[in-house]
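Undergrad: This structure is in structure tokens; I'll ask about it shortly.
Since every read-out is calculated from the coordinates, none of them should be taken as a lab result. Everything numeric here is computed off the predicted structure, so don't read it as measured data. So basically every Cβ, Gly included, is an ideal-geometry build from the backbone, and we count neighbours across all protein chains shown.
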Amino acid sequence: SRPSLLSGRQVLISAGPTFEDLDPVRFLGNRSSGKMGFALAAVAAAMGARVTLVAGPVSLATPPGVQRVDVRRAAQMRDAVLAALPGQDVYIGAAAVADYAPVETQPQKIKKTGETLAVQLVRTPDILAEVAAHAARPHLVVGFAAETNDLDTYARDKLRRKGLDLIAANDVSAQGIGFESEDNALAVFDAERRFDIPRGTKTAVAGALLALIAERLGTRA
Ligand code: C5P
């Protein structure tokens, strides 16, 4: 990827899972290493962008030149993303945000007294949809979709429903790509077309996705 393709651009990326605490020792979370989002941040910075990375709980080093904000819960990720939104040219929602959070976080460890335990959950805010509908909406809003089946249908539906410009879908049931792995492969959709990014390292895949993004930013000032 050409080093100056994103120079002068501001790119905001969310990455990693979110952890929604049940009590001081337990949480609900998604399987996500954060590697894809961190690769996007590293490559975008190498392409000349000013990058802000809002990271959920992951054990990854901050890529060179990237400004990182650490968060834990979906609500905190939302607040950090919205705070960083003004002036961004691109938002890439690469985080695996928990869909539900406990209504209450118990201040003390829940004791295993009953055979069953009911926990009431509430939907978390859809950060990506909020960004896409925001007054300070970046020129390009890009989402991810992890699917196990009917990739095209679900991805296109998500693109429309959340008001996105691009969606990058991966088949998480495929061997050797996606969750926790070093490689990925993506099917990227805009309103009209599908672009296939073949299997490669997450760095290579990030470069290909950012090239599609840079192309869409074009020569805008
Ligand atoms: O609807 P679904 O969770 O499959 O959509 C995935 C996309 O939406 C990802 O880009 C993810 O980061 C984003 N998302 C979000 N906030 C949520 C749930 C998903 O930003 N609460």
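Undergrad: Compute the length gained on full extension between Asp23 and Ser181: take 0.36 nm times their separation in residues and subtract their Cα-Cα distance, giving the result in nm to one decimal. Please list the in-between numbers first.
TA: Values: separation 158, 0.36 × 158 = 56.88 nm, distance 2.96 nm.
Between Asp23 and Ser181, full extension yields an extra 53.9 nm.
Undergrad: Further question on the same structure: What does DSSP give for the stretch 1-131 in terms of the percent of beta bridges that are antiparallel, rounded to the nearest 5?
TA: Taking every DSSP beta bridge within the stretch 1-131, about 30 percent pair in antiparallel fashion.
Undergrad: Cβ under 13 Å from Glu180's Cβ, Glu180 left aside: what net charge do those residues give with Lys, Arg +1 and Asp, Glu -1?
TA: Numbers: positive: Arg31, Lys35, Lys202; negative: Glu182, Asp183.
For residues surrounding Glu180, the net value is +1.
Undergrad: Next question, about the same structure. Which of Ala168, Ala84, Ala206 sits closest to the plus end of the dipole of the chain, meaning its Cα is farthest towards the positive end, when Lys and Arg get +1 and Asp and Glu get -1 on the C-beta?
TA: Among Ala168, Ala84, Ala206, the one farthest towards the positive end of the dipole of the chain is Ala84.
Undergrad: Let me ask something additional. Going by alpha carbons, how many degrees (0 to 90, nearest 10) lie between the helix axis of 151-162 and the longest principal axis of the chain?
TA: That helix lies at roughly 90 degrees to the long axis.
Undergrad: Further question on the same structure: Taking every pair of alpha-carbon atoms in the chain, give the share separated by more than 23 Å as a whole percent. Display every interim value, and only then the final one.
TA: Numbers: 11135 of 24310 pairs.
I get 46 percent for the Cα pairs in the chain exceeding 23 Å.
Undergrad: Where in the stretch 100-136 are there trypsin sites (Lys or Arg not before Pro) that are in a DSSP coil and have at most 10 other Cβ atoms within 10 angstrom of their Cβ?
TA: Listed in order of number, the matching sites are Lys111, Lys112.
Undergrad: Another question, then. Rounded to the nearest angstrom and ordered from largest down, what semi-axes does the equivalent ellipsoid of the stretch 59-154 get from its C-alpha gyration tensor (root of 5λ)? Walk me through the intermediate numbers first.
TA: Working: eigenvalues 183, 71, 43 Å².
Taking √(5λ) for each eigenvalue gives 30, 19, 15 Å, largest first.
Undergrad: Also, quick follow-up: If r is the Cβ-Cβ distance from Lys111 to Gln67 and R0 is 35 Å, what FRET efficiency results, to the nearest 0.05?
TA: Details: r = 42 Å, r/R0 = 1.20.
Calculated transfer efficiency: 0.25.
Undergrad: Based solely on its DSSP helices, what 222 nm [θ] is calculated for the chain when runs of n ≥ 4 H residues each add -39,500 (n - 2.57) and the sum is averaged over all residues, nearest 500 deg cm²/dmol? Walk me through the intermediate numbers first.
TA: Numbers: 5 runs with 57 residues, N = 221.
Calculated mean residue ellipticity at 222 nm is -8000 deg cm²/dmol.
Undergrad: Most fluctuating residue of Pro138, Pro63, Pro24 in a GNM of the chain with Cα springs under 10 Å: which is it?
TA: Comparing Pro138, Pro63, Pro24 in the GNM, the peak value goes to Pro24.
Undergrad: Then there's this: Given axes a ≥ b ≥ c from the Cα gyration tensor, I'd like to know whether the stretch 122-221 is rounded (a/c under 1.5), prolate (a/b larger than b/c) or oblate. Display every interim value, and only then the final one.
TA: Values: a/c = 1.76, a/b = 1.22, b/c = 1.45.
Oblate, since a/c reaches 1.5 and b/c is not below a/b.
Undergrad: Which percent, to the nearest 5, of DSSP beta bridges fully inside the chain are antiparallel?
TA: Expressed as a percentage, antiparallel bridges in the chain total about 40.
Undergrad: While we're looking at this one, here's another question. Can you give the % of DSSP beta bridges in the stretch 93-194 that are antiparallel, to the nearest 5?
TA: Values: 7 of 15 bridges.
In the stretch 93-194, DSSP labels about 45 percent of beta bridges as antiparallel.
Undergrad: Check each of the GluC sites (Glu not before Pro) in the stretch 89-178 and keep only those in coil by DSSP with at most 10 other C-beta atoms within 10 angstrom; list them in order. Show your work: numbers first, answer last.
TA: Numbers: sites: Glu104, Glu115, Glu130, Glu147; in loops: Glu104, Glu115.
The qualifying sites are Glu115.
Undergrad: Additional query: May I have the count of lysine pairs in the chain with C-alpha atoms under 27 Å apart, counting pairs 8 or more residues apart or located on different chains? Write out the running numbers ahead of the final one.
TA: Working: Lys35/Lys158; Lys35/Lys162; Lys35/Lys202; Lys158/Lys202; Lys162/Lys202.
Qualifying lysine pairs in the chain: 5.
Undergrad: When only Cα pairs under 8 Å and 6 or more residues apart are kept, what is the percent relative contact order across the chain? Walk me through the numbers before you get to the answer.
TA: Values: 491 pairs, mean separation 43.7, N = 221.
Once divided by the residue count of the chain, the mean separation gives 20 percent.
Undergrad: Now a separate question. Placing unit charges on C-beta atoms (Lys and Arg positive, Asp and Glu negative, everything else neutral), compute the dipole magnitude of the stretch 52-205 about its Cα centre in debye, rounded to 20.
TA: Values: 18 positive and 20 negative charges, 96 e Å.
Rounded to the nearest 20 debye, it is 460 debye.
Undergrad: Over the Cα atoms, compute the radius of gyration (one decimal) and Dmax (the largest Cα-Cα distance, rounded to a whole number) for the stretch 83-136, in Å.
TA: Over the stretch 83-136's Cα set, Rg and Dmax evaluate to 17.1, 52 Å.
Undergrad: A follow-up question, please. Of the residues Thr52, Thr201, Thr153, which exhibits the maximal mean-square fluctuation in a Gaussian network model of the chain defined by a 10 Å Cα contact cut-off?
TA: In the Gaussian network model the winner is Thr153.
Undergrad: Still on this structure, please answer the following. Within the stretch 182-221, list the trypsin sites (Lys or Arg not before Pro) lying in a DSSP loop whose Cβ has at most 16 other Cβ atoms in a 10 Å radius. Don't skip to the answer; put the middle values down first.
TA: Details: sites: Arg193, Arg194, Arg199, Lys202, Arg216, Arg220; in loops: Arg193, Arg220.
Filter output for the stretch 182-221: Arg193, Arg220.
Undergrad: With the chain treated as a Gaussian network of Cα nodes joined by springs under 10 Å, which of Leu209, Leu117, Leu40 yields the largest mean-square fluctuation?
TA: Leu117
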